[in-house]
Every structure is written in structure tokens, then in C-alpha cells.
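J.: Before I ask anything, let me first share the structure, which is written out below as C-alpha cells.
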Amino acid sequence: MPRPYDVWLSEVMLQQTTVQAVKPYFEKFLRLWPEVTDLARADTEEVMKAWAGLGYYARARNLKKCAEVVATQHGGIFPDTEEGLKTLPGIGDYTAAAIAAIAFGRRSAVLDGNIERVFSRLYRVETPLPAAKPELRALVGEMTPEERPGDFAQGLMDLGATICTPKRPACALCPLNEDCLALKTADPETFPRKAAKKEKPVRVGAAFVAIRPDGSVLLRKRGDTGLLGGMTEVPGTEWTARIDGDTTTASRPFDAEWEACGAIIHIFTHFELRLSVYRANVAARFERNGDPATGNAWWEAAETLKDQALPTVMKKAIAQAIPDAFRPARVTKPRNVPT
DNA sequence: AAGTCGTGGGG
DNA sequence: TCCCCAAGACT
């Protein structure tokens, strides 16, 4: 059976995230911190840098906290029961059951989005999500075998990911097609039932990219709770419900020759952000380190910008102001040499 | 209980 | 282009 540390790390990364997106991050984390005790000792800022781009940053904060608890209160050994695992930060119903089954062979009822879909179709569950979860978990619990419960769970998840897909499920290939109640009524795609979702509001704001002659950029750190908590950003305004007219003038972090360089649109889970981007070239001696107006900011060299804990929306804003900020270093070799 | 919390890819 | 959503947790 796989190491609990590997299972935990991958399951947390896979929360609401595709396997493809997780792969490089999983490998990077194992390379940087091979054991849970390594992660427990790591600098939180380094963990946030390594997580940057993967999203849902509370996961990274909880990952670090969880590693510390396991290291200091459990002697570096993960609890081997579902209940014990659930007490740890960032481990909820699904992740606790998954680790218990996959890493410890426990007969726990694993219920994720894939298995919700498979079982809501198999039993034609009319209750909409998320209200149907207890019912679905009970059905999964009945079917979960004593032997290899981890493989059972992973098999169901693979079935949901490849055959019993949200749209156009490949029912002809499904090993459960003889028993599927939703297939009998020819409408498997309409399951699981779920409540209608509301539309996304628009928020607007401005971001300010200050550049010294050496190419360094002014950055600052966000508070460690809420949206993009603990991550790095360029100075900017609050993001508010759309207001007509320009509100950025009074919100500029400091006086400079700010030049508008367009806007970016970024879609978060529950709102759309329209961020106006401004750029200013400032003098080399320009000092804003620790300035309250810019929120404990610092100057970051151009070469190390890509290694910061910058969420994707901030990389997009900086790239809007400095188009090649995150491109690979210039190759000095002439490009027009025939080969 | 319903809202908050990212991002990138696919249909 | 737009909409959906992906191995959810926390408040």
C-alpha cells in the first residue's frame, strides 16, 4: 500500500483540481519535502511559492498546518483511522475516507464528485446535491468490500472520470450498465440532480506595477485569510462591485507617472474580476520598502519574479504591464541563422 | 445552509 | 465564445 504521506499530499492537491494540473506540483513537493517531517519544518512562505498557480490557497496553508500537527503531535505518523484523520486541518469527509481506504486498507465509504455521479445514476437518486450526500454515502458504504477497499474507491473514481462522465457517458462500455437505473430510463446524463447556480457578479479594481530601472518590481503580501490569502501581489485597489467612472486616481499607492496599459479579466469561482493595470517607471533610489501606503512592500528582481508566491491573476496583471516578465530569459544567439 | 475559495481545459 | 466543471474544506 502507498505511503500515507503520498496519499494525503495527492488527495489534497486533487481537491477540485484535475490530475493533469496536479502532476507537476506533486512531483515538486515530493522533491522539496520527501517526508511529512520535512514539510513540517519548511518555511510557510516557501510552501506558498511552491503551491502558486494551483489555486484554492487555503489548501496550502492547511497542508502546512497539518504537517506540523502530524510531526509534533503524532510523532510524524498519520492517524490510521477515518475519525483521527478528520481532526487534521484540510482533511474533510472525502479525504479522510480516501486516506483511510487507500493508505490503511480501512473499509471507509469514499464519496467524491465522481462517485456521487456514478451512484446517483446507478440508483437513480432524485434528491439534488448536496442534500443527497448522506444517502449516497450510505449506498457506497453498503457496497464497499472488506478486501481492497482502496482499489474499490479508486476504481469507482476512474469509472466516473473515464466512462460515467458528466456529459455523454460511454454507457455501452460501462461494466455496470446492466444494473444502472438511470440508463434503463435513458436519461443518465440528467444525474446527479443539482440546484441551479446563480450568475457571477462583476467586480472591478486597479493594479499598479512600479518598475525600477534595473527591472525590479514592487510587491507586497496579502493577509493570510480570505481570497488569495497569504499570497503575493502588486499594490492595488480593493475589488468592488462595479461603479461607473474612474475611482483609481485616489487609490494610487504613491505619486508617480502612472500609465494605463489596459485591463485583464480573470474569472474566480464566484465573481469575475476586471482589473485595470497601470505601469510606472520610477527612479532607482525610489524607496517604498515597508511603506504603510503600500502595505509592507519590497522590490523583487526581474529574474526572481517567477519564483514568488504570485497567484495566476497577479502574473497576468504583471505580464500586462511587462509583456515578457515571465518569459524565459533572452537567448543571445541570433535567431535568423539557418540551420 | 449557503457562501467562500482558483485555475485551466474541454465540449 | 461561453459554460461546465475537477479525487472538497471550511465557516
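The values are calculated or read from the model by the stated rules, or taken from the named source; none is laboratory data. In this text the structure is predicted, and so the values were computed from the model without any measurement. To get the accessible areas, we keep the full protein, side chains included, count just its heavy atoms, and leave off ligands, DNA and RNA. Shrake-Rupley method; radii C 1.70, N 1.55, O 1.52, S 1.80 Å.
J.: Shape verdict for segment A:1-124, please, from the Cα gyration tensor: rounded (a/c under 1.5), prolate (a/b greater than b/c) or oblate.
T.: Oblate, because a/c is 1.5 or more while a/b does not exceed b/c.
J.: Find the accessible area per residue for segment A:202-321; the probe is 1.4 Å, ligands and nucleic acids are left out, and the unit is Å².
T.: Numbers: 5830 Å² over 120 residues.
Computed with neighbouring chains in place, this is 49 Å² per residue.
J.: Based solely on its DSSP helices, what 222 nm [θ] is calculated for chain A when runs of n ≥ 4 H residues each add -39,500 (n - 2.57) and the sum is averaged over all residues, nearest 500 deg cm²/dmol?
T.: -10500 deg cm²/dmol
J.: Hey, another quick one. If amide H atoms are built 1.01 Å from N in the plane of the peptide, which residues on other chains or at least 5 residues away come under 5 Å of the amide H of A:ARG203?
T.: Correct list: A:GLU272, A:LEU273, A:ARG274.
J.: Looking at segment A:204-280, what % of its DSSP beta bridges pair antiparallel, to the nearest 5?
T.: Numbers: 12 of 19 bridges.
Once the DSSP bridges in segment A:204-280 are tallied, antiparallel ones form about 65 percent.
J.: Treating the angle as unsigned and between 0 and 90°, give the value, to the nearest 10°, between the Cα long axis of helix A:19-32 and the longest Cα principal axis of chain A.
T.: 70 degrees
J.: Quick check on my link table: of A:LYS198/A:LYS221; A:LYS200/A:LYS221; A:LYS49/A:LYS221; A:LYS23/A:LYS49; A:LYS28/A:LYS49; A:LYS64/A:LYS221, which ones sit more than 23 Å apart, alpha carbon to alpha carbon?
T.: Values: A:LYS198/A:LYS221 31 Å; A:LYS200/A:LYS221 27 Å; A:LYS49/A:LYS221 12 Å; A:LYS23/A:LYS49 16 Å; A:LYS28/A:LYS49 11 Å; A:LYS64/A:LYS221 18 Å.
In this structure, A:LYS198/A:LYS221; A:LYS200/A:LYS221 exceed 23 Å between Cα atoms.
J.: In addition: Give the percent of DSSP beta bridges with both residues in chain A that are antiparallel, rounded to the nearest 5. Spell out each step's value before the answer.
T.: On the way: 16 of 28 bridges.
Close to 55 percent.
J.: Quick one: helix A:312-321 against the long Cα principal axis of chain A, what's the angle to the nearest 10°, folded into 0 to 90?
T.: Here the helix axis deviates by roughly 30 degrees.
J.: Starting from the eigenvalues of the Cα gyration tensor, five times each then square-rooted, give me the equivalent ellipsoid semi-axes of chain A, largest first, whole Å. If you can, show how the numbers build up before the last one.
T.: Working: eigenvalues 383, 127, 79 Å².
Computed over chain A, the values are 44, 25, 20 Å.
J.: So, one more: Return the single residue from A:THR144, A:THR225, A:THR185 with maximal mean-square fluctuation; model: Gaussian network over chain A, springs between Cα atoms under 10 Å.
T.: Largest GNM mean-square fluctuation: A:THR185.
J.: Could you check which residue among A:PRO311, A:PRO128, A:PRO79 shows the biggest mean-square fluctuation in a GNM of chain A with a 10 Å Cα cutoff?
T.: A:PRO128
J.: Quick one: accessible area per residue over segment A:4-190, 1.4 Å probe, rounded to a whole number of Å²? Could you put the intermediate results ahead of the total?
T.: Numbers: 9130 Å² over 187 residues.
With all protein chains present, segment A:4-190 gives 49 Å² per residue.
J.: Quantify, in whole percent, the carbon and sulfur part of the accessible surface of chain A (1.4 Å probe; protein heavy atoms only). Don't skip to the end; give the middle numbers.
T.: Details: 9620 of 18320 Å².
Within chain A, the accessible surface is 52 percent carbon and sulfur.
J.: Separate question: Compute the acute angle (0 to 90°) between the alpha-carbon long axis of helix A:93-104 and the principal axis of greatest extent of the alpha-carbon atoms of chain A; round to the nearest 10°.
T.: The answer is roughly 70 degrees.
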